[in-house]
Amino acid sequence: MRISRIRAFAHRDLRGLLNGGGGRRDVLILDHIEQVAALVAERTGGDAEMVAGVYVYGLVRCGTWKPDLLAAAGFAPRLILIAEATRLHPSTHHRFPAAVVAKAVLIKECIDVVGGYPAPTPQRRAENRVRADRPRLVVADAELVGKLIADLGHPDEETRLYATYALAWTRSAAAVEPLVAAWERLRASDDPENAKWEIGSVRRALSRSLAADTHLALALRLTDHEDPGVRWTAVEFLRTVDDPAARAAAVRHELQVLHPYLGLADTDPALTRPEAIGRLVELLTGKPDNLRVIEAMERIGDRTCLSALTKSLGWKVAGSVQTRADEAIRAIGGTDALGRAALAVVRDPEADPTRAAYLVGQLGLTEAIPDLLAILRKGRAGWSTAAAVLAAFGVVEAAPRIGEILGRILHQSSKIQSPLIRYLIRLGPEPAVDVLITAARTSRDKERDLAMDALARCTDPRAVELVVSAIFHDVIRMALVRPLAERGDPRVVDALIHVVNTSKDRRIREVATRGIQRAAQVDQQAVDDLMQRFHYGRGPRTAVAWLEGHRATPRTGQYPLSALSQACKDLDERVRAQAVKSLALIGTPRAFNLLRTLEDDPSRHVRACVAGALLAEAAAESGAGAGAGPESGAESAG
């Protein structure tokens, strides 16, 4: 397919697709593609295949064309590969032929230039080339390795970087010494600051080249190199080799590294391992917040250091010192040693147990509960962490003290109020009702809502009254409704009916209905019937009118009919009909008087319900009279 036809096809497809959605976005996209195609033609001297690849990329990237559809439409497979390689990330380029990747990389660079993105750096270009050549580099022969080694001294930066990145993939022992020489040359350059990136790439290549046991002798020799970076790279490799000489060299290097921590110069003779450990313990005992010594102890990994690290774990200022001590103890002795250290700090009255209390909760050390309670009672440092752990353990004895602390900080810090209220919700808020009522009336929105959620779990009359008042003011949340519904308290039935009548959340209405069942002794069958009404889309007013009658049945003659009186005037005929049925179920003279007001209702269905209720009443009265006759006759005969 000629380039002119490909261009016309792309214009027609993209213009038709984007015009269908309205607007003129297609003009911007097509102009962008034309600019990229012009730049590609300028850089390649008018290479027709690459220019066509730009238009095919536009179809794949901006249109609805997939590679298989393009192949079916007659596009050349090579053009489709160029478009796909341009679209995908460079990390996938190893799946494409090298020539295709080279063209895709150039197109992508032109796209970035037209889009106003920064020009690719030599590092990025070298990385892209290496990704494309990765399959070839993994199985590189001696000739290719030799060429890459020669390119380490090339004057062009991109060529040098490509050689460095490529040698990292060849993992050739022959490349180690040339890489070390390149490292030395870069460190000795006039501007080593600008060569940092290249030095880092050489170090990575060197560390990957030292990747086999055959390099052991060379790595041992590099541990005496004058450059500390080369020594460190060799030691990192020796740590992975199971060999006595490698282990000895690694330990010797570790002890040499400890010189700055021990106050020694690099030229001073290395200490033995016991001498170095004793010196570190002495330094940390005298100054427990010495982070460099803690790091050195973690590096040397000897259990003799655990006692000194335990003292740092309880350092008087919580923060990085305690955290680093935690990490060092965990690395040296595992979770068992960390648990023993945390218990020791929690039980030490002079230590700051903030991190240790957190570790107690993390490791589940319930034997520390008495100590955590003592921290909370005395108000020691770390009391907030101790309160959190006690709440997680479910220790209800902590609730009164948490309530006291909450009362002290109500007017000081809203940041600490929220977690304390959450702890009370978990442990049981009854001991802190007074404080929670104050918080519900004076705190900010978030803390006020949490306090109301806690009060909903209390049985205190003041708490119940406050929560019911909030519900009648349309503060309806599952956190408020569920505790009231689960308790079955008759004092909250009216509030729950209000929830059923006004809440838009079906789940909240269902929970409230179950609560009414518990509180008003409505039978299960009646509640199931009500749930059916919900599911069949009946309005909540109908359900409430129905529920009023069932709720009143156990207290016939004493139930106020205000709700049903309002239901009799409702505009919805279904609500009025249900009110008639509820009034008939109540069956008091006042209920029937209210029922008779609907005898002339405009709705035939409502009139039928009234007639049926009155007939049932008459039948019940005649049956009662018939039953009373013989009994009274017998009494007169007697």
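The values are calculated or read from the model by the stated rules, or taken from the named source; none is laboratory data. Note that the coordinates shown come from a computational prediction; the quantities given were computed from them, not determined experimentally. Here the Cβ is made from the backbone with ideal geometry for all residues, glycine too, and neighbour counts use every protein chain on show. Note: areas computed on protein heavy atoms with side chains; ligands, DNA, RNA excluded. Shrake-Rupley method; radii C 1.70, N 1.55, O 1.52, S 1.80 Å.
Worth a mention:
- Here the label points at L291 and E177, each 7 Å from Cα along the C-beta direction, are separated by 4.3 nm in the simple model.
- Close amide H contacts of W315 (hydrogens built in the peptide plane, cut-off under 5 Å, sequence separation of 5 or more or a different chain): D352.
- Ordered by 1.4 Å accessible area with all protein chains kept, K147, K378, K103 run largest first as K378, K147, K103.
- FRET E, pair T366, A38, Förster distance 60 Å, beta-carbon r, rounded to 0.05: 0.20
- Segment V138-H11, length gained on full extension (0.36 nm per residue, minus Cα span): 41.5 nm
- Cβ-Cβ distance of D348 and T304, R₀ of 30 Å, FRET efficiency by 1/(1 + (r/R0)^6): the value works out to about 0.90.
- Each residue, A76 and A98, gets one label point 7 Å from its Cα in the Cβ direction; the gap between the two is 2.1 nm.
- Extension gain for the segment E275 to T597, taken as residue separation times 0.36 nm less the Cα-Cα distance, is 105.6 nm to one decimal.
- Pair R221, R239: separation of 7 Å Cα→Cβ label points (nm): 2.5
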